[in-house]
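Working notes, beginning with the structure itself.
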Amino acid sequence: TTLFRSYPLTAYPPMNFKSWLDICNTTKEYGLNHIRFHSWCPPEAAFKAADQVGLYLQVEGPVWMDNWTGYTVGCHEEHYTYLPEEAKRIVLTYSHHPSFCIYSNGNELNGDFDLLERIIVESKKMNPYILYTFSTNWDRKLNPNEDLFITQAADGVGCRGQYFLDKMVEGTQLCFDDAVKNRNVPIISHEVGQYVVYPNVEEIPKYTGVLKAVNLESI
């Protein structure tokens, strides 16, 4: 447990099985069955732990390239070699694990979707048993090569709570059937856990590692 909870101090995740077993067991205790790795691929120990506990893992390529960042997929020549090669390494190295359920090229990607499609098509040839999607998030048309759709909206219809704030306040009857029926593949709602919280400035002394609590300090 100590190892697993130390990585906010070190800025890198644990590499040992025991730590990942703790993470996976904690995840399952919360009633969850699926861990998403936002624009990265976990180490071997994570797959082994998820295999043992019984969790689905969503693995992603190492990119987050959206229009607002100033960089999009294909804006550098290296993308056309590095991104396909990295996807190949990930799939060939880890896809024998039953926990490796979903592969996405990365987070909120924009740019050359032809390249994203080529990566997925080639990955499916290596392992057709994984579920693939071009990118995690963005309301766009579904491509025939995609097995699922990860988004906050489908054809403009929201599939996470921020689109229905009044209904969320009024009760617990909110559902997202209208969004789901707009796609003929499974939908995963994107980043639903973004909530306003009150800052606790008493936590500042806990930042003893590589992260600095500049946001809390300014408050």
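The values are calculated or read from the model by the stated rules, or taken from the named source; none is laboratory data. The shown structure was predicted, so the numbers you read here are calculated from the model rather than taken from an experiment. Note that each Cβ is placed from the backbone with ideal geometry, even for glycine, and that neighbours are counted across all protein chains shown. When the accessible area is computed, the model is the full protein with side chains, heavy atoms only, and any ligands, DNA or RNA have been set aside. Shrake-Rupley method; radii C 1.70, N 1.55, O 1.52, S 1.80 Å.
Counting only DSSP beta bridges whose two residues both lie in the chain, roughly 10 percent are antiparallel.
Remark: the chain carries a charge dipole of roughly 560 debye about the Cα centre, counting +1 on each Lys and Arg Cβ and -1 on each Asp and Glu Cβ.
Under 14 Å from the Cβ of Ser123, count the other residues' Cβ atoms, weight Lys and Arg +1, Asp and Glu -1, and hand me the total.
Numbers: positive: Lys88, Arg89, Arg118, Lys124, Lys125; negative: Glu60, Glu85, Glu86, Glu117, Glu122, Glu146, Asp147.
Summing Lys and Arg as +1 and Asp and Glu as -1 gives -2.
On the chain, 56 percent of the accessible area sits on carbon and sulfur atoms, based on a 1.4 Å probe.
Based on protein heavy atoms only, segment 35-79 ends up with 47 Å² per residue of surface accessible to a 1.4 Å probe. Net charge of the neighbourhood of Gly193, taken over other residues with C-beta under 11 Å away and scored Lys/Arg +1, Asp/Glu -1, is +1. For segment 35-66 versus segment 147-219, the spacing of their alpha-carbon centroids is 20 Å. The label point for Val157 and the one for Tyr82, both projected 7 Å from the Cα toward the Cβ, are 4.0 nm apart. Extension gain for the segment Thr72 to Lys212, taken as residue separation times 0.36 nm less the Cα-Cα distance, is 47.5 nm to one decimal. Take 184-190, 45-51 and order them by the average number of nearby Cβ atoms within 10 Å per residue, most first; the result is 45-51, 184-190.
Here the spin labels are modelled as points 7 Å beyond Cα on the Cα-Cβ line, and at Leu92 and Val197 they lie 4.1 nm apart. The residues Thr172, Thr136, Thr81, sorted by heavy-atom accessible surface at 1.4 Å with ligands and nucleic acids left out, run Thr172, Thr81, Thr136 from largest to smallest. When Asp112, Asp155, Asp66 are compared by accessible area of protein heavy atoms, the largest-first order is Asp155, Asp112, Asp66, using a 1.4 Å probe.
Return a whole-number percent for the relative contact order of the chain, with Cα pairs under 8 Å and 6 or more residues apart as the contact set. Working shown, then result.
Values: 342 pairs, mean separation 33.9, N = 219.
In percent, rounded to a whole number, it is 15.
The calculated 222 nm mean residue ellipticity attributable to helices in the chain amounts to -9500 deg cm²/dmol, summing -39500 (n - 2.57) over DSSP H runs of n ≥ 4 and dividing by all residues.
Return the loop-located GluC sites (Glu not before Pro) in segment 1-110 (DSSP other than H, G, I, E, B) with at most 10 other Cβ atoms within 10 Å of their own Cβ; answer none if there are none. It would help to have the intermediate numbers written out before the result.
Working: sites: Glu29, Glu44, Glu60, Glu77, Glu78, Glu85, Glu86, Glu108; in loops: Glu77, Glu78, Glu108.
Filter output for segment 1-110: Glu77, Glu78.
Shape of segment 98-219 from its Cα gyration tensor (a ≥ b ≥ c, root eigenvalues): rounded if a/c is under 1.5, otherwise prolate when a/b > b/c, or oblate? Oblate, since a/c reaches 1.5 and b/c is not below a/b.
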